[in-house]
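Every number in this text was worked out from the coordinates using simple rules, so none of it is lab data. None of these values were measured; they are calculated from a predicted model. No Cβ is skipped: glycine too gets one built from the backbone with ideal geometry, and neighbour counts run over all protein chains shown.
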Amino acid sequence: MQNQQEGKDKQKQITRRGFLKMMGGIGLTGITATIAGCSTDPAGGKGWMPQQYQVASSYPIQVKGRIPIDPNNPSITRDDKKCILCGQCIEVCQRVQTVYGYYELPIKNDITCVNCGQCTLWCPTAAITERDDIDKVVKALENKDLHVVVQTAPATRVGLGEEFGMAPGTFVEGKQVAALKQLGFDAVFDTNFSADLTIFEEGTELIKRISGDLHEPLPQFTSCSPGWVKFCEYYYPDLLPHMSTCKSPQQMLGALIKTYYAKEKGIKPEKIFSVSIMPCTAKKFEAARPEMNSSGKHAGKPQLKDVDVVLTTRELARLIKAKGMDLNNLPDKKYDSLMGEGTGAGLIFGATGGVMEAAIRSAYFLITKQDPPEALLNLTPIRGLQGCKEASVDIPGVGTVKVAVVHGLSNARPILEAVRKKEAPWHFIEFMCCPGGCISGGGQPRTSLPPSDEVRQARINSIYNADAHIYSKRKSYENQEVLALYEKFMENPNSHLAHELLHTHYTDRSKQLTVKKKNA
Amino acid sequence: MSKGVLVDLTKCVGCGSCTVACKLWNDNKWDDKNPTMGPSAKLTDKNWTVVQFKEVKDKKGEPVWRFVKQQCFHCKEPACASACFAKAFQKTKEGPVIYYPHLCVGCRYCMVACPFNVPKYQWEKAFPLVTKCMMCNTKVEKGEAPACVSVCPAGVFKFGDREELLKEAKSIIAKDSKYVKHIFGENEVGGTEWLYISDVPFDQLGFKTNVTKRSLPSYTEAYMHATPFVGITWGVILTGLYHYTKRRNQISKDNNKNIKA
Ligand code: SF4
Ligand code: SF4
Ligand code: SF4
Ligand code: SF4
């Protein structure tokens, strides 16, 4: 102990002069100490490198390096100290998402990233993680001046339990609500509500495109996956007119919390802090898009954001643990009313194919004014983990509607090329950025590395099980709170106010990169 | 024939794999005060290589991002080595300019002599040494690329015989008009083993473009006079030399190959 202290003191005192003096006189001990403790090898080279780099030459025969991450990336960040250069992040970004390596070098002025966070799921050391925004939420919760509202995405309720030792896919909807209430949120809403709302808005838009009332091209693309939207903005900006103008459910609910809810409750929008719990890291990017301030513009305060902070499922788990709570021991609680009701149709948004299936259930009703047949409530051809799925649905009065479902961005490319060549037979295509859909989003628990289809399937099964057996309503048009919203506030789907608050526009990002002609 | 590395700055995506590889292979600590990447990246005694972020204008005047990997250039005629009377710095026949800690007396002449300001001093240590990139000489001896070079996913580097690389660099910049017509390291300070090509003029990327084309050891005398160490008394120097000679003799008995001269 004493020696250590002495050493430290010495260290402090050593100046250049002191050192030279030491060399000259008393330095003998110092020098011998250096010699004694020192081999005669040159410096460096005593460390370690992963096996794949222990080869002669630098020819790229094996997985190499890692993805670049912009220090200002709103979604993901990396701790270099934990990185072991295993190359897994490149594998997923390049092969599964076809983002890295799909642009020419030199880069322009952007580090191309769709913010999906799949790399956070593949990184074996968790060097790459979501950007941690927990503190902002904790601060807001402690601020007595703020009314803090939270919404939870469909997919977090089949993931969160895994962080607390439960089996993959365990359905923890009620426990999640209980945890959020215990954390002190003033209102807990369900993104399933705005998923149902999306069906009205997007379904109406689709029908208008098909009928020719809206002069936008078919097929219509879904727009609720922000990673997919950014991918399209980068690589297929010419196809953006196909993109539904509907905001994602997160952003719809965000805009309504600071308008509709604020009005109903008599709270000033600037006093509301809006948080969302998402399975997705790209939602952080989405919420930060400059145009996502409809409620602010509506209130004449454009600096207000519709969603203030997005936490991933993993962040919520950390927050719950930090407060000493154990999800296992919480009693089930219910969402708050006004925007807490959700149907099975809204819930299945969390799985690949779900948006499409939900849309078909409602489209059938909106067009025929009749409940869809049982077969349309279990649209098996577009369920499951196959990369591209398709189905044709006969809707009386319209004819055969052809739909396709794609998840994982590598699967999107051939479909988009077909659309470009006008060889796509479909009316409506669901695109989800992440393999399996939101249930395997970049913010979900890291259950296996790399993420396995077993875990994905378990979460998907849980979602469809809840749709069929737990939820009492399975069709968006049965959502009473959505109907009330239209009656009291929004008038009807695609109304002027709906366009102001629930629809958006897109950005051509193709100038930020040079798309590779022949893809690797 | 000495080995070299050709660095094509137009291909760097700024992933920083090279900086991590250097830490892993050389077991260097992370420097909390000085990042290895970004606008304020800085070479330090722990950071033997860094990737500087530069926001510059391209030929069309459009803003572009470039990333510049920095490390020791491994000069053909290294000023650090000729300034080091203790022979702690030595140029190997394969190309790397390497440093033997056991020979170092801590005089830091190398730091003053280096035209690129590469060698760094371990200020925090009780018995500090000088540190810098070793060009992973133990790998290079075996014909393997340096650690940083081997990990780059973007094809920024080529490792091989310097003269071959120089030829290749010339043909690349002759064929492709995007490159500036300059190979940094071809002639700077008499030539370096690390060669750089770029589409943005080197001075805009923070390269020292005003260095002499002559090799530096011929200037060593002048450099010595310019050092802040002129005030050192002869006594100190001689004592230092005494210990140094003693160590050198002792060590050269054990391990002859370390001593060139
Ligand atoms: S977030 Fe997605 S797009 Fe961005 S680097 Fe990771 S895998 Fe690639
Ligand atoms: S996956 Fe993680 S550990 Fe592996 S190279 Fe990427 S950041 Fe590093
Ligand atoms: S050559 Fe070796 S020591 Fe030098 S920067 Fe590269 S990894 Fe580091
Ligand atoms: S590894 Fe290659 S691409 Fe990555 S920062 Fe280093 S030189 Fe650039």
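For this structure, a couple of remarks:
- Remark: the protein assembly as shown carries a charge dipole of roughly 3580 debye about the Cα centre, counting +1 on each Lys and Arg Cβ and -1 on each Asp and Glu Cβ.
- Bridge type composition, the range A:133-510 - antiparallel percent by DSSP, nearest 5: 30
- Between the range B:105-129 and the range A:242-266, the alpha-carbon center distance in angstrom: 60
- Cα centroids of the range A:395-458 and the range A:167-190: 28 Å apart.
- Mean Cβ neighbour count within 10 Å, used as a protection proxy, ranking B:108-119, B:163-174 highest first: B:108-119, B:163-174
- Each peptide in B:88-101, B:199-212, A:382-395 receives the mean, over its residues, of other Cβ atoms within 10 Å, and ordering these scores from highest gives B:88-101, A:382-395, B:199-212.
- Straight-distance crosslink candidates among lysines, where the alpha carbon sits under 19 Å from A:K263 and sequence neighbours closer than 8 are dropped: A:K271, A:K297, A:K301, A:K305, A:K488
- Anchor A:K46: lysines whose Cα lies under 16 Å away (excluding residues fewer than 8 positions away in-chain): B:K23, B:K29, B:K46, B:K132, B:K139, B:K142
- Lysines with Cα under 17 Å of A:K511, excluding same-chain neighbours fewer than 8 positions away: A:K108, A:K230, B:K57, B:K59, B:K60
- Scoring A:277-283, A:342-348, A:82-88 by mean Cβ neighbours within 10 Å over their residues and listing the highest first yields A:277-283, A:342-348, A:82-88.
- FRET efficiency estimate (nearest 0.05) - Cβ-Cβ, A:Y486 to A:D371, R0 35 angstrom: 0.95
- Other protein chain Cβ atoms within 10 Å, averaged over every residue that makes up B:142-150: 5
- Among beta bridges identified by DSSP and lying wholly in the protein assembly as shown, the antiparallel ones come to about 55 percent.
- Shielding score for B:50-61, defined as the mean number of other chain Cβ atoms within 10 Å: 1
- Rg followed by Dmax, in Å, when the range A:262-354 is reduced to its Cα trace: 15.8, 44
- The range A:287-403 - Debye-derived log10 I(q)/I(0), Cα point model, q = 0.10, 0.18 Å⁻¹: -0.56, -1.05
- Taking a quarter of the surface of the Cα convex hull of the protein assembly as shown gives a mean projected area of 38.1 nm².
- Scanning chain A for long hydrophobic helices, with DSSP H runs required to stretch 18 angstrom or more by C-alpha along their axis and to average at least 1.0 on the Kyte-Doolittle scale, returns A:354-368.
- D_trans [Stokes-Einstein, Kirkwood Rh over alpha-carbon pairs] for the range A:155-285, 4 °C, 1.567 mPa s, µm² s⁻¹: 76
- Note that the range B:78-225 carries a Kirkwood radius of 16.8 Å, evaluated over its alpha carbons pair by pair.
- Over 14 Å [Cα-Cα, the range B:115-182], rounded percent: 73
- Rounded to the nearest 500, the helix-only mean residue ellipticity at 222 nm of chain A stands at -10000 deg cm²/dmol, with each DSSP H run of n ≥ 4 adding -39,500 (n - 2.57).
- About the Cα centre, charge dipole magnitude for the range B:3-220 (Lys/Arg +1, Asp/Glu -1 at Cβ), debye: 220
- Checked against a 23 Å cut-off, the cross-linked pairs B:K91/B:K158; A:K247/A:K369; B:K33/B:K76 give Cα-Cα distances beyond that limit for A:K247/A:K369; B:K33/B:K76.
- For the range B:19-73 versus the range B:130-152, the gap between their alpha-carbon centres in whole angstrom: 17
- Long-range Cα-Cα pairs in the range A:133-510 (distance over 34 Å), rounded percent: 20
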